[in-house]
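Asks: Just passing along the structure, written as structure tokens.
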Amino acid sequence: MKKLIINGGRRLCGEVNLQGAKNSVLPILAAAAAADGISVIHNCPHLSDVDASIKILRHIGCRVDIENETVIVDSTDASGWEIPEALMREMRSSIIFLGALLSRFGRGTVAAPGGCEIGLRPIDYHLEAFAGMGVEINENGGIIECICPKGICGRRLSLNFPSVGATENIILASIKAKGETVITNAAREPEIKDLADFLNKCGADIRGAGGSIITICGVETIHSAEHSVIPDRIIASTYMAAAACTGGKITINGAERKHLAPIIPVFEESGCSVKSDENRIEIAAPEKLRRIRYVKTMPYPGFPTDSQSLITVMASIGKGTSVISESIFENRFRFVPELIRMGANIRVENGCLAIAEGVEKLHGANVAATDLRGGTALVVAGLCAEGETRIGKISCIYRGFYDIEKYFSSLGADIRSVNG
Ligand code: EPZ
């Protein structure tokens, strides 16, 4: 099992280029299965979740080639509409393929993705929407079989919660539906608009993506297209937190300022100075971080839940008491006990509210990554802690942060991965 070894306390300084967004690549690769022909997707980071998506594409008969950070998907001979449990289990968000299979084949059979480290992750919104569009759903022993003998019918759907995955799955299922689909209370994350931009290049007719009402008029044909994925705003916030916690100064090339609008004010409240233009962020840390009075994670354009663990680390060494409320997932503070082993003084109430009393410094310790964003936060903690931190169970980090040790080493960190 690989571990990360970090000797902390070094200021991180320099420039870094931002990778493509994991949460955009995944739905766009699923969409490529619904698009007939050869799609070319640029700016795809080498992530284990991308590898899992490629395995699914190949399983259903797509030919997939990888050239550096470009993935070429030829769906001409795609014919499989079943995704086995083993593949579904590799990546929780594989449920997004169901909408693409329904579009392409009018049917799809998948295994229920199940929960994960951060919560139960139900898919009721997805299935309720499909049922409302005329899909017949048979769930048995964790296998979900969907057929639509009369084809998919567009209709007006309102989501109880602006679910990112449900919004994406409804879009994917409705691109060739009969008639018009209108999603009310749709998720507004930038990754939704990126998916719609790709699909519109493929001939779809999607309007309003990025807003809370999205209209999809079904079309006859969805052909292939070429597309470059948007940059990863969550990875951008990871570099920002690393600069903030180590007293450093980092320029992040490729970061889209508008995607970081919910995040930048929190870093400024903690005392960081943030300069930005269209596609670059420069952050410089203060001598000592200030507390973060109160942040609550919310759907976009609120503060993103995926960046919550990072500001919890900042709060652990900020001067004063910080309060962070997690409103999206029920188990997203599970990395905190590991942070406490490094000297943090944080208490978590009801699993959703963290109160952090800032300490002078964290110290190195042996810790284990609990999930992708919690594990990445432990890396940031190790970068600023005094002494050596050894992080185990790091495979979950590589799901979303490609070559983390290489990027942080290039910014002056003493970090390496070892086997054993
Ligand atoms: C997407 O997950 C992202 N994953 C998550 O990123 C991100 O944290 C999340 O959106 C919120 O922004 C990908 O895009 C691959 P949701 P998703 O549906 O679609 C509840 C990361 O670390 N819900 O918006 O699963 C759900 O339980 C990952 O990169 C239902 O109750 O998120 C949660 O409480 C983690 N029923 C809330 O909605 C449903 O049918 C938000 O979930 C669907 C969701």
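Asks: Would you pick out the residues in the stretch 25-46 that are in contact with a strand residue (DSSP E or B) (Cβ under 9 Å, 6 or more places away or on another chain), within 15 Å of the ligand (Cβ to nearest atom) and in contact (Cβ under 8 Å) with a residue 60 or more places away in the chain? Walk me through it before giving the result.
Replies: Residues of the stretch 25-46 that are in contact with a strand residue (DSSP E or B) (Cβ under 9 Å, 6 or more places away or on another chain), as a first pass: 25, 28-29, 31-33, 35-46.
Okay, now just the ones that are also within 15 Å of the ligand (Cβ to nearest atom), so 25, 28-29, 31, 44-45.
Across the stretch 25-46, the qualifying residues are VAL25, ILE28, ALA31, CYS44, PRO45.
Asks: Quick test of your reading of the structure: ARG332 fulfils all but one of (1) in contact with an Asp or Glu (Cβ under 9 Å, 6 or more places away or on another chain); (2) within 20 Å of ILE397 (Cα to Cα); (3) part of a helix (DSSP H, G or I). Name the failing condition by number.
Replies: That leaves (3) as the condition not met.
Asks: Which one is surrounded by the fewest Cβ atoms within 10 Å (Cβ to Cβ) among residues in the stretch 1-24 that are farther than 15 Å from ILE404 by Cα and within 16 Å of the ligand (Cβ to nearest atom)?
Replies: ASN23
Asks: Something else about it: Residue check, ASN160 against (1) surrounded by fewer than 16 Cβ atoms within 10 Å (Cβ to Cβ); (2) in contact with a strand residue (DSSP E or B) (Cβ under 6 Å, 6 or more places away or on another chain), all met but one. Which one?
Replies: Looking at each condition in turn, ASN160 falls short on (2).
Asks: What's the number of the only condition in (1) within 30 Å of LYS193 (Cα to Cα); (2) without any contact (Cβ under 8 Å) to a residue 40 or more places away in the chain that VAL336 fails to meet?
Replies: Among (1) within 30 Å of LYS193 (Cα to Cα); (2) without any contact (Cβ under 8 Å) to a residue 40 or more places away in the chain, VAL336 violates only (1).
Asks: Looking at the stretch 201-309, what strands (runs of 3 or more DSSP E) fall wholly within it and have at least 1 residues that are among the hydrophobic types (A, V, I, L, M, F, W, C) and either within 28 Å of GLY9 (Cβ to Cβ) or in contact with a strand residue (DSSP E or B) (Cβ under 7 Å, 6 or more places away or on another chain) (or both)?
Replies: Details: elements: 205-207, 213-217, 226-228, 249-253, 273-277, 280-284, 294-296.
Of the strands (runs of 3 or more DSSP E) lying wholly inside the stretch 201-309, those with at least 1 residues that are among the hydrophobic types (A, V, I, L, M, F, W, C) and either within 28 Å of GLY9 (Cβ to Cβ) or in contact with a strand residue (DSSP E or B) (Cβ under 7 Å, 6 or more places away or on another chain) (or both) span 205-207, 213-217, 249-253, 273-277, 280-284, 294-296.
Asks: When only residues in the stretch 361-420 that are farther than 26 Å from ASN345 by Cβ and among the hydrophobic types (A, V, I, L, M, F, W, C) count, which is modelled with the lowest pLDDT? Outline the logic, then answer.
Replies: Going residue by residue through the stretch 361-420, those that are farther than 26 Å from ASN345 by Cβ are 395, 398-407, 409-412, 416-420.
Within this subset, residues satisfying the condition of being among the hydrophobic types (A, V, I, L, M, F, W, C) are 401, 404, 411, 418.
Values: PHE401: 91, ILE404: 95, LEU411: 98, VAL418: 95.
Here the residue is PHE401.
Asks: I'd like the full set of residues that are in a strand (DSSP E or B) and either in contact (Cβ under 8 Å) with a residue 60 or more places away in the chain or within 16 Å of the ligand (Cβ to nearest atom) (or both), limited to the stretch 310-329. Reasoning before the result, please.
Replies: Of all residues in the stretch 310-329, those in a strand (DSSP E or B) come to 319, 321-325.
ILE324, SER325, listed by residue number.
Asks: Taking the options ALA261, ALA166, ALA242, name whichever one is without any contact (Cβ under 8 Å) to a residue 60 or more places away in the chain, of a type in the set (Gly, Ala, Ser) and over 24 Å from HIS126 (Cβ atoms).
Replies: Numbers: ALA166 fails: over 24 Å from HIS126 (Cβ atoms); ALA242 fails: without any contact (Cβ under 8 Å) to a residue 60 or more places away in the chain.
It is ALA261.
Asks: Of everything in the stretch 83-97 that's touching a helix residue (DSSP H, G or I) at 6+ places or on another chain (Cβ under 6 Å) and part of a helix (DSSP H, G or I), which residue is nearest to LEU120 (Cα to Cα)? Show your work before the answer.
Replies: Let us first name the residues in the stretch 83-97 that are touching a helix residue (DSSP H, G or I) at 6+ places or on another chain (Cβ under 6 Å), namely 83, 87-88, 90-91, 93-94, 96-97.
Subset that is part of a helix (DSSP H, G or I): 87-88, 90, 93-94, 96-97.
Numbers: LEU87: 19, MET88: 15, GLU90: 16, SER93: 13, SER94: 15, ILE96: 16, PHE97: 19 Å.
Per the stated criteria, the residue is SER93.
Asks: Which of the residues spanning the stretch 80-98 are in contact (Cβ under 8 Å) with a residue 24 or more places away in the chain and either over 22 Å from SER48 (Cα atoms) or acidic (Asp, Glu) (or both)? Lay out the reasoning, then the answer.
Replies: To start, the set of residues in the stretch 80-98 that are in contact (Cβ under 8 Å) with a residue 24 or more places away in the chain comprises 81-85, 87-98.
Of everything in the stretch 80-98, those that are in contact (Cβ under 8 Å) with a residue 24 or more places away in the chain and either over 22 Å from SER48 (Cα atoms) or acidic (Asp, Glu) (or both) turn out to be TRP81, GLU82, GLU85, GLU90.
Asks: Go through the stretch 120-172 and report how many residues are of a type in the set (Val, Ile, Thr), farther than 30 Å from MET298 by Cα and in a loop (DSSP other than H, G, I, E, B).
Replies: Counting residues in the stretch 120-172 that are of a type in the set (Val, Ile, Thr), farther than 30 Å from MET298 by Cα and in a loop (DSSP other than H, G, I, E, B) gives 2.
Asks: Restrict the check to the stretch 259-271 and report whether at least one residue is surrounded by fewer than 18 Cβ atoms within 10 Å (Cβ to Cβ) and modelled with pLDDT under 95.
Replies: Within the stretch 259-271, none of the residues are surrounded by fewer than 18 Cβ atoms within 10 Å (Cβ to Cβ) and modelled with pLDDT under 95.
Asks: So ILE56 fits all but one of (1) within 15 Å of the ligand (Cβ to nearest atom); (2) over 23 Å from the mean Cα position of the chain (by Cα); what number is the exception?
Replies: (2)
The values are calculated or read from the model by the stated rules, or taken from the named source; none is laboratory data. None of these values were measured; they are calculated from a predicted model. Glycine also receives a Cβ, built like all others from the backbone with ideal geometry; neighbour counts cover every protein chain displayed.
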